[in-house]
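Read the structure below first, then the notes.
The values are calculated or read from the model by the stated rules, or taken from the named source; none is laboratory data. Not measured: the values here are computed from a predicted model. Here the Cβ positions follow ideal geometry from the backbone for every residue, glycine too, while neighbour counts run over all protein chains shown.
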Amino acid sequence: MKRLTVTIRAELEVPDDWMLVDHPSGMPVLKIGEQFVDFDLTPLTTKSSDPDAEWSDRDTEVVNAVIDTIVEVDAELEMHTRH
């Protein structure tokens, strides 16, 4: 068995009324109105080798097979204010 490490870093420009809060479960999440938003790894698949291929998570068999191999996930959220 091999180990694959996936590092994903995203920077979002969000409206001022979106807030970083601690969810009652103890994890930091984004709060948009009454919704709590967390980030997770969702594999996307395609059968096309076309450069403009459409990627999606609709192939649940493959997506779930990849998800089943995940042994650890960590999402860090940090809010910075620009003036």
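Taking the conditions exactly as written (surrounded by 12 or more Cβ atoms within 10 Å (Cβ to Cβ) and in contact (Cβ under 8 Å) with a residue 12 or more places away in the chain), does Val73 satisfy them or not? Step through it out loud before you land on a result.
Numbers: surrounded by 12 or more Cβ atoms within 10 Å (Cβ to Cβ): no; in contact (Cβ under 8 Å) with a residue 12 or more places away in the chain: yes.
Here the answer is no, as Val73 does not meet what is asked.
Looking at region 42-55, can you tell me whether even one residue there is out of contact with any Pro (no Cβ under 6 Å at 6 or more places or on another chain) and touching a residue at least 40 places away in the same chain (Cβ under 8 Å)? No, because not a single residue in region 42-55 is out of contact with any Pro (no Cβ under 6 Å at 6 or more places or on another chain) and touching a residue at least 40 places away in the same chain (Cβ under 8 Å). Across region 1-46, the qualifying residues are those that are among the polar types (S, T, N, Q) and part of a strand (DSSP E or B), and the one among them that is farthest from Arg58 (Cα to Cα) is Gln35. Confirm whether Val66 is part of a helix (DSSP H, G or I) and surrounded by 12 or more Cβ atoms within 10 Å (Cβ to Cβ). When the stated conditions are applied, Val66 passes them.
When we screen Leu20, Leu41 for residues that are at pLDDT below 90 and surrounded by 10 or more Cβ atoms within 10 Å (Cβ to Cβ), the only hit is Leu41.
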